[in-house]
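A short worksheet on the structure shown next.
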Amino acid sequence: MTRTSLQIMRDTVHALLMRELKTRFGSSKLGYFWALAEPAAQASILAILFTLLGRNSLSGVPVALFLISGVMPFKTFNKTVTQLSSGISANKALFAYRQVSPIDPILTRLTIELATFFIVYMIILSVMAWLGLDVWPQDILELITASLLLIALGFGIALCMSSALIYWQDANKLLGMVMTPMFFISGIFFCATMIPAKYWYLFTWNPIFHAIELSRDAFFASYTTPVGSWGYLALTSLSFVTVGLMLYRVNRIRFATL
Amino acid sequence: MIKFENLSKYYPTKQGRRYVFKDVNIELPTDVSIAILGPNGVGKSTLVRMLGGADYPNKGEISSDKKISWPLGLQGGLQGSMSGRENCRFVARIHGYKNTQEIEQKVYEFAEISAYFDEPVKSYSSGMRSRVAFGLTMAFDFDFDVLLIDELGAVGDANFRHKSQALLESKFETTKLIMVSHSMGELRKYCQAGIVVKNQNIEFFPSLEDAIQEYKDTYVTAK
């Protein structure tokens, strides 16, 4: 039985997928539940806060829907970066097998994050539809594209992080410090039209802000983003993926002896 | 035949690059079992890991048209957070098996660690680890031309040694060993040829006794 390189990679990613799914979701009985509950709870808490403040729509969009359209991409981005960058060290005992190369656990976790994102998003939207909200995205293809570009950005950053971690173990702590304020400046509970135009420059350097703006533009007929730029988002994502892959290529020997 | 071409391997240390191997060019036969000789820290395990594809040379390459196993030893191969059974499943899957039950069962029977088979590997003793590790290669019906062994027998009890020895002997025609061990008795039992790791290079001896003599002359001071 001779397999091509691609078939070996496919078999390896499948084997890692089975293993990762078990540790990620199967370790506690409520594993799958938390994947769903976490973003839902976060959006709910924010929604309750806004309702208590007396708002029931933001930019003409129901509060809950507005929030979930920001929380979901951000959560997924956050998870993609943290999960993927720890993928190599979590699986390094398995590099003893020549079939397993360091990129395999990263691709495995990317697959898991992608699948989780789409499934959880669909379930949450279905529940909202059942509660009587109009959840059908105005332009579903654009929404998917914006989400994929953001996940690609996470993948690129995670690749860079994996390489950085070889040289500096504390890089993870720095990442945590950067990610926390990101929650507040990525436009999760506000959008560009709520900010005076002269302050836009404070937010527009942030590709996550662009991704969420573009997602909402695609999602809601009533919202048109004044700042969201496909070009900028695509460029940053592609740049990070390119640099990440280059760093991976340069450091591929070092991963094995981590 | 296993071919080393311009192979260099170093580890970065605080004093700069420390070369374990430098410009190694050699061809090792695969029709005899080979013992690897050398003192601690000279690069025996690194050599085995590179042969098994678990580590990579910094320069040059190792090529072979034979099927070489992964390095069987205490450090690598088994993932601590997975159970013995899950490790078996994983190895079967990366080797392209769709149905893994048969292999799981074979390892389970060979390892004789009963209920521990479903506990995480990190809770195993080193003897139990080597039982599973060895059972795994066995379960693949020795689908290897060369089996890499790094100090595996050292921790087994008499029962396990006897069992693995019988198994190795029964496969001797088709599967050769490349073996690291500090027990000369064990090496003499299994190997016909030897290599000595010395001066960042590898020297091959078709006769094991010559290799042992060279090893003693080079490294053993108390005669």
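The values are calculated or read from the model by the stated rules, or taken from the named source; none is laboratory data. All values reported here derive from a predicted model rather than from experimental measurement. With ideal geometry, Cβ positions are generated from the backbone for all residues, glycine too; neighbour counts draw on all protein chains shown.
Does the stretch B:66-85 hold any residues that are more than 18 Å from the chain's Cα centre (by Cα) and either buried (at least 23 other Cβ atoms within 10 Å of the Cβ) or more than 9 Å from every other protein chain (Cβ to nearest Cβ) (or both), and which are they? Residues satisfying the conditions are B:SER83, B:GLY84, B:ARG85. Beta carbons closer than 8 Å, at least 6 apart along the sequence or on distinct chains, pair a first residue in the stretch A:40-53 that is free of Cβ contacts under 8 Å to residues at least 24 places away in the same chain with a second that is β-branched (Val, Ile, Thr) and assigned to a helix (DSSP H, G or I) for A:ALA47/A:VAL63; A:THR51/A:VAL63. Scanning the stretch B:92-119 for residues that are within 14 Å of another protein chain (Cβ to nearest Cβ) and within 27 Å of B:ALA158 (Cβ to Cβ) gives B:ILE103, B:GLU104, B:ASP118. Listed here are the helices (runs of 4 or more DSSP H) enclosed by the stretch A:1-120 that have at least 3 residues being within 27 Å of B:ALA92 (Cα to Cα) and at pLDDT 90 or above: A:5-25, A:63-85. Taking the stated definitions as given, is B:ARG49 within 30 Å of B:TYR108 (Cα to Cα), under 15 Å from the mean Cα position of the chain (by Cα), of a type in the set (D, E, K, R) and crowded, with 21+ Cβ neighbours inside 10 Å? For B:ARG49, the condition - within 30 Å of B:TYR108 (Cα to Cα), under 15 Å from the mean Cα position of the chain (by Cα), of a type in the set (D, E, K, R) and crowded, with 21+ Cβ neighbours inside 10 Å - is met. Scanning the stretch B:111-135 for residues that are buried (at least 20 other Cβ atoms within 10 Å of the Cβ) and closer than 17 Å to B:ILE149 by Cβ gives B:ALA111, B:ARG129, B:SER130, B:ARG131, B:VAL132, B:ALA133, B:PHE134, B:GLY135.
Restricting the stretch B:1-42 to residues that are polar (S, T, N, Q) and outside any strand (DSSP E or B), the residue that is farthest from B:SER63 (Cα to Cα) is B:GLN15. Would you mind stating whether A:LEU114 is more than 14 Å from every other protein chain (Cβ to nearest Cβ), within 25 Å of A:TYR167 (Cα to Cα) and of a type outside the set (Asp, Glu)? Taking the combined requirement at face value, the residue does not satisfy it.
For residues in the stretch A:223-258 being of a type in the set (S, T, N, Q) and not in a loop (DSSP other than H, G, I, E, B), which is farthest from the other protein chains (Cβ to nearest Cβ)?
Applying the first criterion (of a type in the set (S, T, N, Q)) to the stretch A:223-258 yields A:224-225, A:229, A:236-237, A:239, A:242, A:251, A:257.
Checking which are not in a loop (DSSP other than H, G, I, E, B) leaves us with A:236-237, A:239, A:242, A:251.
On the way: A:THR236: 32, A:SER237: 30, A:SER239: 28, A:THR242: 23, A:ASN251: 11 Å.
The extreme case among them is A:THR236.
Would you be able to tell me the number of residues in the stretch A:158-202 that are loosely packed, with under 12 Cβ neighbours inside 10 Å and in a helix (DSSP H, G or I)? Reasoning before the result, please.
So in the stretch A:158-202, the residues loosely packed, with under 12 Cβ neighbours inside 10 Å come out as A:167-170, A:173, A:176-178, A:180-181, A:184, A:194, A:196-199, A:201-202.
Then drop every residue that is not in a helix (DSSP H, G or I), which leaves A:167, A:173, A:176-178, A:180-181, A:184, A:194, A:197-199, A:201-202.
Number of matching residues: 14.
The residues listed here are B:ARG18, B:ARG93; of these, the one that is farther than 18 Å from A:ALA256 by Cβ and more than 16 Å from the chain's Cα centre (by Cα) is B:ARG93.
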